[in-house]
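Please read the structure below before turning to the comments.
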Amino acid sequence: MSGSVVLGIETSCDETAAAVVVDGRKVLSSVVSSQVDLHARFGGVVPEIASRAHVELLTPVVAEAMLSAGIEPEELDAVAATVGPGLVGALLVGVSTAKSLALVWDIPFVAVNHLEAHLHAAFLEEPDLELPAVVLMVSGGHTMLIHWEDHGRYRLLGETLDDAAGEAFDKVARYLGLGYPGGPAIDALSLEGNPEAVAFKRPMIDVGYDFSFSGIKTAVVNHVRKHPETSTEDVAASFQAAMVDTLVTKARRAAHELGAKSLGLGGGVAANSLLRERLLSVCVDDGYQAYVPSRSMCTDNAAMVAACGWYRLGVDGPSSLDLGAEPNLRLPTVD
Ligand code: KG4
Ligand code: ZN
């Protein structure tokens, strides 16, 4: 195999994943085993259950990734794993497995930042993505507006002051009795509702680049209490419209003010239909190159970890085997 072949491993939350990627661009295999069913009955990810499931699933998932890529261990140039941010027990499973494989196979180990990996997902699908870009990274744990100035140069423009966007979707869905994870349920139900039925406030929409979502959640609860006659479809659609409007308005303003060439999305909430549609139409109207990842690339996967690992190996070289899990790791920003 010509090119640099990296095995990526991802276990930061409730997805056990492994992938083989060449030169940070060409995906030979990408295997994701979701634990979502294991956690659904608890209404959220249970850290202890996640760690145990990673222990059981990771070896077969790695074996399947290697097999379907048709790659032998001696053809690998490095093994990369997410070291943070994430759940400490879950991260440790991936990190210790990756370090063991690196030792046994005598190849470099590369520590990967999960947030930087989400950004690198872009190059797997849009190899010609132009920088600088503004990226809205929205997941169950994060809501960040990032100015991706150049390769390896990130500036954090703003983040959530309270709930993450996905967390707001999940909490509102739970309140409406729609189950877990809530984002996809609200997305689906909103198709049958009127987004203008309830005019939920768009928090801080014209102020700075930070976000605050706990107010919308409270507004939904207050509205349902006062107006039980409003259909759940209308509440869901109106809530989603308020969330998406807030997210897209700020991302659009940032792209304009910073002179970005591209505007993109990342993280699990990027799977939201309305968010995708609205972001794409902003890109068409304002002339940005759009990056709206495929749904499988929005959620956690190891192809993005291998792609980011390949990039980090080139820039920083191998990571030390003394490195452990770093549950509170932040995106390496320039300021
Ligand atoms: O990135 P991710 O898979 O995991 C982390 O949180 O790191 O994101 C999961 C989040 C959950 O909060 C889920 O409800 C949300 O992404 N989500 C969505 C949609 N699909 C997943 N939110 C809104 N609309 C969706 N279609
Ligand atoms: Zn993630």
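From the helices alone, meaning DSSP H stretches of at least four residues, give me the mean residue ellipticity at 222 nm for the chain, per-run term -39500 (n - 2.57), in deg cm²/dmol to the nearest 500. Helix contribution divided over all residues of the chain: -14500 deg cm²/dmol.
To put it simply, the accessible area of the stretch 187-263 at a 1.4 Å probe is 52 percent carbon and sulfur. Per residue, the chain exposes an accessible area of 41 Å² to a 1.4 Å probe, with every protein chain left in place. Highest mean first, the peptides 326-333, 169-176, 134-141 sorted by other C-beta atoms within 10 Å per residue fall in the order 134-141, 169-176, 326-333. Per-residue extension of 0.36 nm, minus the Cα-Cα distance of TRP105 and PHE42, leaves a gain of 18.8 nm for this segment. Ordered by 1.4 Å accessible area with all protein chains kept, HIS151, HIS54, HIS227 run largest first as HIS151, HIS227, HIS54.
Extension gain for the segment GLU130 to ASP286, taken as residue separation times 0.36 nm less the Cα-Cα distance, is 54.6 nm to one decimal. Can you tell me how the stretch 130-295 classifies by the Cα gyration tensor, rounded, prolate or oblate, using a/c under 1.5 as the rounded cut? It is prolate, given that a/c is not under 1.5 and a/b is the larger ratio.
In terms of its alpha-carbon gyration tensor, the stretch 1-156 comes out oblate; a/c meets the 1.5 threshold, while b/c is at least as large as a/b.
Between the stretch 2-75 and the stretch 151-208, the alpha-carbon centres lie 28 Å apart. Carbon and sulfur: what percent of the stretch 57-107's accessible surface (1.4 Å probe)? Carbon with sulfur: 62 percent of the solvent-accessible area. Return a single number: how many Lys pairs in the chain, at a sequence separation of 8 or more or on separate chains, have alpha-carbon atoms below 17 angstrom apart. Count of close lysine pairs: 6.
The values are calculated or read from the model by the stated rules, or taken from the named source; none is laboratory data. Source: prediction; values computed, not measured. Positions of Cβ are backbone-derived with ideal geometry, glycine not excepted, and every protein chain shown enters the neighbour counts. To get the accessible areas, we keep the full protein, side chains included, count just its heavy atoms, and leave off ligands, DNA and RNA. Shrake-Rupley method; radii C 1.70, N 1.55, O 1.52, S 1.80 Å.
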